[in-house]
1. Compute the relative contact order of the range 137-227 as a whole-number percentage, counting only Cα pairs closer than 8 Å that sit 6 or more residues apart in sequence.
2. What order do TYR80, TYR186 take when sorted by accessible area (1.4 Å probe), most exposed first?
3. With the Cα gyration tensor of the range 132-223 in hand, convert its eigenvalues to equivalent ellipsoid semi-axes via √(5λ) and list them largest first in whole Å.
4. Would you mind computing, in nm to one decimal, how far apart the modelled labels at ALA31 and ALA131 are, each placed 7 Å from Cα along Cα→Cβ?
5. Considering only DSSP beta bridges with both partners in the chain, what is the antiparallel share in %, to the nearest 5?
6. Tell me, what is the percent relative contact order of the range 122-273, built from C-alpha pairs under 8 Å that lie six or more residues apart?
7. Taking Cα pairs under 8 Å and at least six residues apart, what relative contact order does the chain come out at, in percent?
8. Over 26 Å between C-alpha atoms is what I'm after, so list which of LYS133/LYS267; LYS28/LYS133; LYS28/LYS231 land there.
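The values are calculated or read from the model by the stated rules, or taken from the named source; none is laboratory data. Since we're looking at a predicted model, the values are computed, not measured. Note that we place each Cβ from the backbone using ideal geometry, even for glycine, and neighbour counts take in every protein chain shown. Please note that ligands, DNA and RNA were not included when accessible areas were found on the heavy atoms of the full protein model with its side chains. Shrake-Rupley method; radii C 1.70, N 1.55, O 1.52, S 1.80 Å.
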Amino acid sequence: MRETDFFNGVQVPVIGQGTWHLGEDAAKRKAEVSALCAGIDAGLIVIDTAEMYGDGASEELVGEAIRGRRDDVVLVSKVYPHNASQSGVVAACERSLRRLGTDRLDVYLLHWSGGVPLSETVDGFEHLRAAGKIRSWGLSNFDQDDLERAPDGCATNQVLYNLGSRGIEFDLLPWQQRAGMPLMAYSPLGQGPTLLEHPLLAEIGERHGVTGAQIALAWVIRQPGVIAIPKASSLEHVQQNVGAGAVVLDAEDCLSLDSAFPAPRSKQPLDIL
């Protein structure tokens, strides 16, 4: 699978693992842990979580999956905006580390912009970095104007990006590519079945011998500097995500997808889930 720079020169595969809604159902816990472990085994080493997900339940699930193999993964978590004061972000990070069963995060993100001045949040991030609690920090759900005003040192920005949500292609994605700032694409397959039920995806998938979902994921990672983090709650989903990394869309595929899912022609409000 193709790799890209993530932070501090670290090379990672362009597909990782998202965990939104994982860990919330005890009956599914064993299967979800197994899926995360299978993803790591298959090379999907970037794991994204957040204190918001299940009020920490997702972090606890990830902690179980990475027990004994912390050095094999690139671990990303996110802090609530209301916990993002200088002292609050330090305390929130400590809670996340306990739930994850580790002494460090690779990247710590502000989940979205809130009432706390960003400079204060970054002061907290830098304190954590100096203490070895995080290796780098970044942002989530920030548009181009927000990033341009952000303090130096932002390692990544995580935003919604999929065939049905292409607004960032007008300005934000090109800006991050020029700045050498990797973009983490959450919900790369959309929310719910609507996007994946489009007949064109199945048609293109048939030509490539893959599923429509794999076409949708391959489309997201075709962009340089983009890391997709689809959720995978089953072994079947993990296998499909890994397979998507080998799909190469040709010019005809991309033209067809552009016709069905038009690129933006003007500035669009940032889509947020």
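1. Reported as a whole number, the value is 27 percent.
2. On the way: TYR80 50, TYR186 25 Å².
Descending order: TYR80, TYR186.
3. Details: eigenvalues 180, 35, 26 Å².
Semi-axes, largest first: 30, 13, 11 Å.
4. Placing both labels 7 Å along Cα→Cβ, they lie 3.9 nm apart.
5. Numbers: 4 of 30 bridges.
Percent antiparallel among DSSP bridges in the chain is about 15.
6. On the way: 205 pairs, mean separation 38.5, N = 152.
Reported as a whole number, the value is 25 percent.
7. Values: 529 pairs, mean separation 56.9, N = 273.
Rounded, it is 21 percent for the chain.
8. Working: LYS133/LYS267 37 Å; LYS28/LYS133 31 Å; LYS28/LYS231 14 Å.
Going by Cα-Cα distance, LYS133/LYS267; LYS28/LYS133 fall outside the 26 Å limit.
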